[in-house]
1. For a quick check of your reading of the model, give me the residue pairs whose first member lies in region 98-112 and is within 12 Å of Tyr146 (Cβ to Cβ), whose second is acidic (Asp, Glu) and crowded, with 18+ Cβ neighbours inside 10 Å, with beta-carbon atoms closer than 6 Å and at least 6 apart or on different chains.
2. Suppose the filter is within 18 Å of Arg63 (Cα to Cα) and under 19 Å from the mean Cα position of the chain (by Cα); does Val18 pass it?
3. If a residue has to be polar (S, T, N, Q) and surrounded by 13 or more Cβ atoms within 10 Å (Cβ to Cβ) to count, how many in region 39-72 make the cut?
4. Would you please list the contacts, defined by Cβ atoms under 9 Å and residues six or more apart or on different chains, that run from a residue in region 20-32 that is over 15 Å from Phe74 (Cα atoms) and crowded, with 16+ Cβ neighbours inside 10 Å to a residue that is modelled with pLDDT of 95 or more and among the β-branched types (Val, Ile, Thr)?
5. For region 123-136, state whether one or more residues are of a type outside the set (Asp, Glu) and free of Cβ contacts under 8 Å to residues at least 60 places away in the same chain.
6. Looking at region 73-100 only, could you name the residues that are outside any loop (DSSP other than H, G, I, E, B), at pLDDT 95 or above and open to solvent by less than 50 Å² (accessible area, probe 1.4 Å)?
Amino acid sequence: MFLSKDVFTTVLDSTPLVSIDLLVQNYGGQVLLGQRKNRPAEGDWFVPGGRILKNESLSDAFRRLTLVELGQAFDVTEAILKGPYDHFYSDSVFGESPSTHYVAIAYTLHVKALPNLPTEQHSSYRWFDVDELLEEDNVHEHTKAYFL
């Protein structure tokens, strides 16, 4: 269920959001990152993912988010749970305020190829070696935390 802007602003100002982050790796160990188009983390390289919707099971959210973010649906049983992470941002999708707090559930997903990566949330994609992404200035700190 998607919320109106007014309701979603109240939610952002009042409670954490629950999301899934996808730590997508190819068989060479490289990690797929997208350059974010939207706040929070606009302009930074970030792992694909998104929030879980009200009344949406974790399994259904995983399938939806992989389709929307990767262009191909995967089942949560194909992934390895890495665990939950707190993500705090001083801004939100709406601008400077309200702030945003995510509880992101991270999953590692190994793939051969992703030929049809969507561009709704990311302006471009790139495969990074782990050492490279940890050194890159415009890879977001929350993304780096998954690989420390």
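The values are calculated or read from the model by the stated rules, or taken from the named source; none is laboratory data. Remember, it's a predicted structure, so these values are computed and weren't measured experimentally. Backbone-built Cβ (ideal geometry, glycine too); neighbour counts: all protein chains shown. Side chains included, ligands, DNA and RNA excluded: accessible areas come from the protein's heavy atoms. Shrake-Rupley method; radii C 1.70, N 1.55, O 1.52, S 1.80 Å.
1. Filtered contacts from region 98-112: Ala104/Asp21; Ala106/Asp21.
2. It is true that Val18 is within 18 Å of Arg63 (Cα to Cα) and under 19 Å from the mean Cα position of the chain (by Cα).
3. Matching residues across region 39-72 total 2.
4. Every condition considered, the pairs that remain are Gln30/Val130; Val31/Val24; Val31/Val47; Val31/Val130; Val31/Thr143; Leu32/Val24; Leu32/Val47; Leu32/Val111.
5. Yes: one or more hits.
6. Once the filter is applied, which keeps residues that are outside any loop (DSSP other than H, G, I, E, B), at pLDDT 95 or above and open to solvent by less than 50 Å² (accessible area, probe 1.4 Å), region 73-100 yields Val76, Gly83, His87.
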